[in-house]
1. Given the criteria out of contact with any Lys or Arg (no Cβ under 9 Å at 6 or more places or on another chain), surrounded by fewer than 16 Cβ atoms within 10 Å (Cβ to Cβ) and either assigned to a loop (DSSP other than H, G, I, E, B) or modelled with pLDDT under 85 (or both), does GLN64 qualify?
2. Test ASP301 against the criterion of being at pLDDT 85 or above and not aromatic (Phe, Trp, Tyr), and give yes or no.
3. Being free of Cβ contacts under 8 Å to residues at least 12 places away in the same chain, out of contact with any Cys (no Cβ under 7 Å at 6 or more places or on another chain) and not in a strand (DSSP E or B) narrows it down to one residue among ARG251, ARG243; which is it?
4. Filter region 74-95 down to the residues that are exposed (fewer than 13 other Cβ atoms within 10 Å of the Cβ) and among the charged types (D, E, K, R) and list them by number.
5. Kindly indicate the residue of region 92-115 that is in contact with a Lys or Arg (Cβ under 9 Å, 6 or more places away or on another chain) and part of a helix (DSSP H, G or I) and also farthest from ILE46 (Cα to Cα) among those meeting that condition.
6. Out of contact with any helix residue (DSSP H, G or I) (no Cβ under 9 Å at 6 or more places or on another chain) and part of a helix (DSSP H, G or I): does that describe LEU89?
7. Out of the residues in region 22-34 that are in a helix (DSSP H, G or I) and modelled with pLDDT of 75 or more, state the one that is farthest from ILE103 (Cα to Cα).
8. Looking at LEU75, is it farther than 30 Å from GLN213 by Cβ, among the aliphatic types (A, V, I, L, M) and over 38 Å from the mean Cα position of the chain (by Cα)?
Amino acid sequence: MAQNDQEKTEEATSKKIEDAKKDGNVPKSQDLAGFITLFVAIFAVIFLLGFLKDQFFALYRYYQSLIGQEIDVKLLYGIAVTTIFRVLLIILPVAVCVAVAGIIANLIQFGFIFTTKPLEPNLNKINPIKGLKNLFSLKKLIESVKMTLKVTIVFSVGFFMFLSFIKELPHTIFLPMIAQLDWLKEKMIILAFVMLIVLFIIAIIDLLIVRFQYFKDLRMTKQEVKDEYKQMEGDPQVKARIRRLQMEASRRRMMQNIPEADVIITNPTHYAVALRYDKTKEKAPVVIAKGVDFLALRIKDIGVKNSIKIVENPPLARELYKVCDINEMIPAELFRAVAEVLSFVYMSDRAKFGDRLK
């Protein structure tokens with residue numbers, strides 16, 4: 001039984017997953033992020049091709065304009081500034097698109113997470129023994145096999161596409177230069193899209209594998225699920241103790257209120273219900289204490305010590321105990337029976353309840 005409890009057969013709870021996210025442990029597919037980044041980069045280059053070409057030729061014309069000029073420090077400074085400016089104009093648009101694509105690729109997979117836990121110093125990360133174990137672990141072996149397969153597939157598809165393009169070369173050498181460039185551009189676009197399709201398939205497969213392995217690693221034993229439930233809901237023993245303390249505190253307050261009662265209605269031995277009626281504050285009599293057996297004896301004992309009238313009425317005592325909670329007014333159907341009892345109490349002690357008879 002203990003062995004079965006140690007087997008991680010239970011799916012990870014939502015709390016376990018949230019705690020893993022707080023630690024920076026998320027199901028992240030590098031292939032999916034790489035595909036989205038490459039996809040955006042290719043389309044950014046295609047979309048900005050005209051702009052990039054203009055910047056490249058502008059830089060080329062600038063260099064041509066320098067032919068024959070005397071080189072000095074000022075000119076070198078101007079060349080450096082212009083070159084950096086033009087290169088930034090060529091690189092930055094694509095770089096920004098790629099950076100945004102990388103952020104979106106991660107947000108798609110696991111949403112926005114901000115945590116500094118991975119940055120905290122951890123001596124286990126520089127443990128050479130643990131490092132060697134990780135280096136030769138089954139997980140690293142699987143990752144190596146996956147990487148080899150991915151490279152092999154991508155290289156094979158690209159190689160066969162390249163061979164098909166080579167077969168067309170004899171027909172293109174007689175074409176004008178512009179036509180040859182258009183043919184090269186067309187083949188590059190075809191190759192890029194084919195490679196994107198291949199990388200997309202690899203990325204989806206990798207994402208499924210990563211998520212499967214992630215949730216498998218987060219599986220819990222039955223004991224871990226029980227312990228987490230105790231942490232979230234509270235230990236049943238602790239909760240029972242808290243309830244017991246609350247009941248005792250409530251009982252003490254109830255006993256303290258008994259001296260305020262006008263009458264205690266009893267069974268006479270098993271039930272006791274203390275009633276209070278202040279017509280200036282309350283619309284109906286209120287149950288301020290009730291109990292059975294030992295508690296009923298204590299209520300009656302306190303009543304005797306405080307000169308509270310005790311009336312034996314078994315049906316009424318049982319009904320009041322059943323339908324009324326502490327500090328709750330009696331229901332309308334019991335008004336008549338309780339009124340008769342209170343009237344008897346008030347008439348029997350005019351000195352104490354003279355104001356109630358007015």
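The values are calculated or read from the model by the stated rules, or taken from the named source; none is laboratory data. Computed from a predicted model, the values in this text were never measured in an experiment. Note that we place each Cβ from the backbone using ideal geometry, even for glycine, and neighbour counts take in every protein chain shown.
1. no
2. yes
3. Only one candidate qualifies: ARG243.
4. Within region 74-95, just LYS74 meets the criteria.
5. Across region 92-115, the extreme among qualifying residues is PHE110.
6. Criteria not met by LEU89.
7. ASP31
8. Considered against the rule, which asks whether it is farther than 30 Å from GLN213 by Cβ, among the aliphatic types (A, V, I, L, M) and over 38 Å from the mean Cα position of the chain (by Cα), LEU75 comes out as yes.
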